[in-house]
Amino acid sequence: NSNYDLAWLRYDKVSADGAGREQSLALQQLQGYLSNIVMADGVSSQVFRTAIQELTKGIGSLTGEQPSLSHTVEADRFLAVGTLEDTGNLGHLPLLNDSLEAAEAARLGEEGYVIREVAREGKDYIVIAGRTEKGLLYGVFHFLRLLQTGQASEALDLVEAPKYQLRMVNQWDNMDGSIERGYAGQSVFYQDNKIVSDLTRVRQYARMLASVGINGIAINNVNVHEVETKLITPELLPDVARVADVFRDYGIRLYLSVNFAAPLELGGTSTADPLEPVVQEWWKERAADIYRYIADFGGFLVKADSENRPGPFTYGRDHADGANMLAEALEPYGGLVLWRCFVYDCHQDWRDRKTDRARAAYDHFKPLDGRFKDNVILQIKNGPMDFQVREPVSPLFGAMKQTNQMLEFQITQEYTGQQRHVCYLIPQWKEVLEFDTLCQGEGSKVKDIVAGQVHPYKYSGITAVSSIGDDYNWTGHYLAQSNLYGYGRLLWNPELSAEEIAEEWTNMTFGDDQAVVNTILDILMESWPTYENYTSPLGVGWMVVPHYHYGPDVDGYEYSKWGTYHFADRDGIGVDRTQATGTGYSAQYVGANAALYDSLETCPDELLLFFHHVPYTHVLKSGKTVIQHIYDTHFAGVEQVEQWIVRWDALEKDKLDQQRYTHVKERLLEQLESAKHWRDVINTYFYRKSGIQDQHNRVIY
Ligand code: BDP
């Protein structure tokens, strides 16, 4: 259990010369400050202790020398750490307070920090401080990152605060130890229907999450089975509290997914109707229980009336009724209800095909705007379908002015290669965040909506389905660690570029050998477009093996109830979601966006088949026909993976440890096989359907 990889928190020793040149320069420059940490007296919060521990351990490991800790200033150079309130007490040096302008101090908020070099009274020192202990912890991790990546050679003067209030992950872990859509082994939280007794890996995970600024976690699957229904009862709460303790040390709040029918299943009530007083009372009692064990419990995550999960519809109530009932129970304690909008009819009659699943979230929730209590947050998947390699952005973002919203991404690569393929998702997420919904005129971007900066939401933020399991390297594919890392970094600051994040991660994880770094960076940056190239084309999605969602099966979902169709026949392909002849989904967007997608002329190529049904001979903006585009991208995708393997082979083996070298190589070979499979199945399918020959005569059969 304790034999695991430290991911980007390896803190490999940086030697003063030789390998790690940039890192060692930074270290040389800062060396003088690192041997002594000065902190305020009398601070005892656990998060503060965590921060000091991390700083001491990190520096010790990076330099090979353990720094000393003191409460008074002894040397001319040192690190001064603390919170805004206490730094004033450090010896005779007013360490921070008067070096920070009032405006800067205000910008820090509750979780921000400052890292700054200060020269005063013959002393020259570096301050790391937050307003709160949590801010300090984030500042410490930032400082260590500077040492790891060598960026500290620039003059140190940073004031940072996170863009988002809620920065969460959702575990889809089940208590039997399995993980829904998990591709990295079994759960680190549960085994044999119990919470594990040894929380070593949970603690390490908490470190990883805190190091990139995550501050909330829901620890069980949104599909709550019988055992997990009991997590909110005194039978299991002592164990949940142990987990909450671990996360609390790292400034992370714990949430639980709950079963909407829990009172019925556990409580002996004959109904789960949210308007029934006995049901409301039942939830209030549960809330009281929970807060007795976990005073800072975050709240409930709820999947209701979705994919056969129970919900308010059973009782003829709507989602506002359901969410508000839970919100009322949590309200006295400051708890939140994260209510998912992934609600659609999964029992469609495919022969009828009148219902458009893409419309569902908006159609269900938009009319309820204004009805939710202010401790409810609607949790909305980035796209209207389900985490496909390419989807438009959900039109629900910003469409509700009076209802808190948060965004849900999927870090686990359910539809993007299941951590057997490299698929660096930060570029995809950035496109979502940068999307301008126009909901309040130009400049109403998703990134600002879910920060509560377009409509004044009381609570908002971003969450994502996590990708980790008990594999030694956490994420199955070693390179998939970059998605977890990048997710956190993006939530802290969505202005960071995908390249910057990838480079940081690569430096922290693999050191700074230029050939290694460049190769990994190129692979990461090319990986999402490459995956898109050899899988389902032009935004149409699906075409995966049903249920497993790995590998190609073009018609796998075509004649089933799930609402996920491509409508390919001998003449053409694509889903008509236009207003005149289609499902009218395009009308859910605002003004110019609705027009953009609705018109065949203006609809962007990459989403063409999501919005339009066209003949194979339709000419794209790229100048190619749809059919030729399909052929070309599928050949290109495979060639791209071949190129990565050539580049990986060309790396000098001693620049990387053997284990990671071989691991990545094996996964790349598997990706290549799978990509070829995709290419052949897709190309053959469309050649047979259309009868149109590839211009370069590559497609046979
Ligand atoms: C889909 C998954 C399914 C999840 C569901 C959800 O295939 O396992 O339960 O999403 O988000 O992507 O609830």
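The values are calculated or read from the model by the stated rules, or taken from the named source; none is laboratory data. Everything numeric in this text was worked out from a predicted model, so none of it was measured. All Cβ positions, even for glycine, are placed from backbone atoms using ideal geometry, and neighbour counts span all protein chains on display.
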When you scan the range 651-686, how many residues do you find that are more than 16 Å from residue 536 (Cβ to Cβ) and either assigned to a loop (DSSP other than H, G, I, E, B) or touching a residue at least 60 places away in the same chain (Cβ under 8 Å) (or both)? 12
Out of the residues in the range 123-138 that are among the charged types (D, E, K, R) and under 22 Å from residue 493 (Cα atoms), which is surrounded by the most Cβ atoms within 10 Å (Cβ to Cβ)? 134
Qualifying positions in the range 320-355 - more than 15 Å from the ligand (Cβ to nearest atom), modelled with pLDDT of 95 or more and of a type outside the set (A, V, I, L, M): 321, 322, 324, 328, 331, 332, 333, 334, 335
Hey, can you tell me all the residues within the range 220-254 that are away from the ligand (no atom under 16 Å from the Cβ) and part of a loop (DSSP other than H, G, I, E, B)? 233, 234, 235, 236, 250, 251, 252
Residue identified as in a loop (DSSP other than H, G, I, E, B), surrounded by 19 or more Cβ atoms within 10 Å (Cβ to Cβ) and either without any contact (Cβ under 8 Å) to a residue 60 or more places away in the chain or in contact with a helix residue (DSSP H, G or I) (Cβ under 6 Å, 6 or more places away or on another chain) (or both) among 570, 577: 577
State the number of residues belonging to the range 356-410 that are within 16 Å of the ligand (Cβ to nearest atom) and part of a loop (DSSP other than H, G, I, E, B). 12
Just give me the residues in the range 256-286 being touching a residue at least 40 places away in the same chain (Cβ under 8 Å), surrounded by 22 or more Cβ atoms within 10 Å (Cβ to Cβ) and either part of a loop (DSSP other than H, G, I, E, B) or in contact with a Phe, Trp or Tyr (Cβ under 7 Å, 6 or more places away or on another chain) (or both), in sequence order. 256, 258, 259, 260, 272, 274
Run down 634, 612, 618, 629 and say which single residue is more than 29 Å from the chain's Cα centre (by Cα), modelled with pLDDT of 95 or more and closer than 18 Å to residue 534 by Cβ. 629
Could you list, in sequence order, the residues of the range 35-71 that are at pLDDT 85 or above and part of a loop (DSSP other than H, G, I, E, B)? 35, 45, 64, 65, 66, 67, 71
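Being among the charged types (D, E, K, R) and modelled with pLDDT of 95 or more is the filter; apply it to the range 505-540 and report the residue that is surrounded by the fewest Cβ atoms within 10 Å (Cβ to Cβ). Don't jump to the end; show me each part of the working.
Within the range 505-540, the subset among the charged types (D, E, K, R) is 512-513, 522, 526, 532.
Next, only the ones that are modelled with pLDDT of 95 or more stay: 522, 526, 532.
Details: 522: 14, 526: 18, 532: 21.
So the residue we want is 522.
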Against the condition in contact with a Phe, Trp or Tyr (Cβ under 6 Å, 6 or more places away or on another chain) and either surrounded by fewer than 24 Cβ atoms within 10 Å (Cβ to Cβ) or farther than 16 Å from residue 204 by Cα (or both), how does residue 479 come out, does it pass? no
